[in-house]
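Following: one structure in C-alpha cells, then a few remarks.
Coordinate-derived values only; no laboratory data. None of the values given here were measured: they were computed from a predicted structure. Heads up, the Cβs are rebuilt from the backbone with ideal geometry, glycines too, and the neighbour counts pull from every protein chain shown.
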C-alpha cells in the first residue's frame, strides 16, 4: 500500500460536492442567517480537522476554526469567485490562521499538546498504530509540506486550487508535494519508523 493510499485511508474525504456552496455566496454577502448556517455546518468540521491535523490540540483547533469563520465574516464582501474558488479561499484563511497559532505557541515556548500521538484506550489496533505513525511522520515535514498534503489528499483540492490557497505557483506546489511524499515514504519505512520513535 503506497503512502497516498495510506494517508487517504486515515480520514474519508468529504463527499458532499462543494460547488453548491458557491451558490451561497450572494446570501453570505447579504449576511442571511440561513446561508451562514448552511455554510458553517458544511465547512466548520473540515476547517477544524485541517487545523487539528496541523496543531494536534483540540482547543487550539477550535480556536483556529473560530478565527477562520470570523475572518470570513469580515472579509466575505471582498471575496471574488472569479479569482479563487470558495474552498481555496477558505483554506487560504485556515492556513494563515494555523500558522499564526503555531507561531504564537512557539513564542510562548509552550508547544501544542501532542497527546494525539498517544493511545487513550486499551483498544490499540493496527489501524490506530498506523494513524499514529502517519501523524508523527507528518509532523516531521515542513509546515508547507504538511499544508500541501492536507489540502490535496484530505480536503481534496486540485493542485491549482492548493496553489491559490497557499499563494504559490502550481509548479511550486507540485514540487512540495513530491518532496513531501518522498519524505513520508522514508519516514514510514521500518528504518524511518525507528528514527521517529527515537525522536530523531
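Rounded to the nearest 0.05, the FRET efficiency derived from the C-beta distance between residue 182 and residue 135 at R0 = 30 Å is 0.95. Using the average count of surrounding beta-carbon atoms within 10 Å as a protection proxy, the listed peptides 29-41, 79-91 rank, highest first, as 79-91, 29-41.
Listed by Cβ neighbour count within 10 Å, with the fewest neighbours leading, 179, 139 appear as 179, 139. The label-point distance for residue 76 and residue 142, in a model that sets each label 7 Å from Cα toward Cβ, rounds to 3.6 nm.
Taking a ≥ b ≥ c as the square roots of the eigenvalues of the alpha carbon gyration tensor, region 50-89 is oblate, as a/c is not under 1.5 and a/b does not beat b/c. Of 142, 49, the sequence from fewest to most neighbouring Cβ atoms within 10 angstrom is 142, 49. Estimated at 0.36 nm per residue, the fully extended path between residue 174 and residue 106 surpasses their Cα-Cα distance by 21.6 nm. Between residue 32 and residue 189, what FRET efficiency follows from the Cβ-Cβ distance if R0 is 41 Å, with the result rounded to 0.05? Calculated value: 0.20.
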